[in-house]
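First up is the structure itself, then whatever we jot down about it.
Every number in this text was worked out from the coordinates using simple rules, so none of it is lab data. Computed from a predicted model, the values in this text were never measured in an experiment. In this analysis, Cβ positions are derived from the backbone assuming ideal geometry, glycine residues included, and neighbour counts consider all displayed protein chains.
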């Protein structure tokens, strides 16, 4: 079922239509014409190929849960703001523009009107399924330029709305939703952190190549610090950095430490050498122990107690990796990110993280 809380909605398009009628769907950003059947049947012409229909049929099943949930959570916001959105039209006028473009007048001839629902769907199809511009333009019967304008505008719009909802929870809320696995072993855990990388196209300049080259991935990447609550919900996503930046540097400079309070416990991988940064704020760090020099021979080993602690932390820390896996189910992030999307990359990651939070908790109580 659909609810106002952070829940997953798996209604079919037909069920969504009936639900909309019961809840007074008049004036919704989702028109009844679209809600009556699968999305692609309303926007794809008869001449579209069978392959394209199959792609969209599968894709709609993936995006419907996000579409319906956001409909009931952000319905009023979309209705009020979407009519007055100022659409991205490039970096100012040029000498090649015609008089009606310079004067802000509409072009003569029939206008192709897209509803707010269509524009929202155009954006979501790009983020969730990574459908290219020309495919979406063909589906919705408009130009590539118009699709790009819509995507740029709505990505910034959705990021502004959703970022305000992606908040750092207070300690009371964290404890209230603390899973039993954490409650029994690490009850003071506030968050689990990790860094994740997104593949990008190889930059043209040597300087940019060096700044984005990741020795871990052996290719050019963007890198972000991710924080999740013990229940697996995203609580913080940093802006993207070049792939050559260390985990400690990102943690120290991205703004994550501003959320840490006295008494908090942060769980992380062994590579996060940030204990001193947390101690300055009265917080502590839980990471797997390092090997120690043996007193009875050569080499370094873990003691029995260290092995036990490593297993405990690994069992709980895996949830941040599962959350990152959820994030990369959005194909725009799992594919190679085009450099032309660099100005929108931070917004895309944060939108995807918020949409992940609408799904069921990763860790059961």
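Remarks
- Label-point gap, in nm, between residue 304 and residue 273 - each point 7 angstrom along Cα→Cβ: 3.1 nm
- Viscosity 1.002 mPa s, 20 °C: Kirkwood-radius Stokes-Einstein D of the stretch 171-357 over Cα pairs, µm²/s: 120 µm²/s
- Label positions at residue 160 and residue 336, each projected 7 Å from the Cα along the C-beta direction, are separated by 3.4 nm.
- Which of 87, 330 has the fewest Cβ neighbours within 10 Å, and the rest in rising order: 87, 330
- Full-stretch length increase - residue 239, residue 143 - with 0.36 nm per residue and alpha-carbon distance subtracted: 31.4 nm
- In this simple spin-label approximation, residue 262 and residue 292 carry label points 7 Å from Cα along the Cα→Cβ vector, and these lie 3.1 nm apart.
- Computed lengthening from residue 321 to residue 215, 0.36 nm per intervening residue step minus Cα-Cα distance: 36.2 nm
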